[in-house]
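No value in this document is a laboratory result; all are computed from the given coordinates. Being a predicted model, the structure only gives us computed values, none of them experimental. All Cβ positions, glycine included, derive from the backbone under ideal geometry; neighbour counts span all protein chains shown.
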Amino acid sequence: MKKRKIIAGVDEVGRGCLAGPVVSAAVILKKGVKLKNLKDSKKLTFEQRIEISKDIKNNSFFSIGIASVKEIEKLNILQASLLSMKRAILELSRKPDLVLVDGIFTPQVVNRCKSIIKGDEKINCISAASILAKVYRDKIMIKMSKKFKNYSWNKNFGYGTKQHFAGLKKYGLTAMHRKNFKPIHKMLLK
């Protein structure tokens, strides 16, 4: 009997943010699992993602990888994203035969990796990874918003919204802001 291939889906969130870490998830869905509402995390509400993430966790092997703001500044956002993906893959309790990664770049790991453009819209295990990574990162930003109250991170999750820029203008930068990102870097030059 032919052994079933173990396939993991990987996606990251937070690449375009002005603040906070980049977070990746790796997900291996258990055999025969059919989860409803799996889609790109950006197409779901906050509440829907929270609910679906519970089902994903109960029906998969999953892990999270994070690259910090310091790592983003040191490496650049692409390399930090790949690092967070690599960490997520290496933390999986089951070792996949194939890793499907959303986008066009794959991390350097021993596993066979294949990039899939818009994979979070096409492949269930990548959609699941997208949702878990988004929920995990959103929770980080909500927690950080309690310490840094002036940037609306509990609503914008570190993205460059009107409220976030208003907070930056009035209160300046925090240690959680990515100082080499263009809008932040421009503020430092003023």
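Structure notes:
- Exclusive hit being aliphatic (A, V, I, L, M) and either free of Cβ contacts under 8 Å to residues at least 12 places away in the same chain or farther than 14 Å from Leu29 by Cβ (or both), set Ile104, Ile131, Ile123: Ile104
- Residues being touching a Phe, Trp or Tyr at 6+ places or on another chain (Cβ under 7 Å) and either in contact (Cβ under 8 Å) with a residue 24 or more places away in the chain or β-branched (Val, Ile, Thr) (or both) - total across region 143-166: 2
- Single condition Arg137 does not satisfy, out of (1) basic (Lys, Arg); (2) closer than 26 Å to Phe46 by Cβ; (3) assigned to a loop (DSSP other than H, G, I, E, B): (3)
- Set side by side, the residues Ile184, Ile126, Ile142 differ, and just one is under 17 Å from Ser84 (Cβ atoms), aliphatic (A, V, I, L, M) and either in contact with a Leu (Cβ under 7 Å, 6 or more places away or on another chain) or surrounded by fewer than 20 Cβ atoms within 10 Å (Cβ to Cβ) (or both), which is Ile126.
- In region 156-167 there is at least one residue matching the filter, namely being within 21 Å of Glu71 (Cβ to Cβ) and over 16 Å from the mean Cα position of the chain (by Cα).
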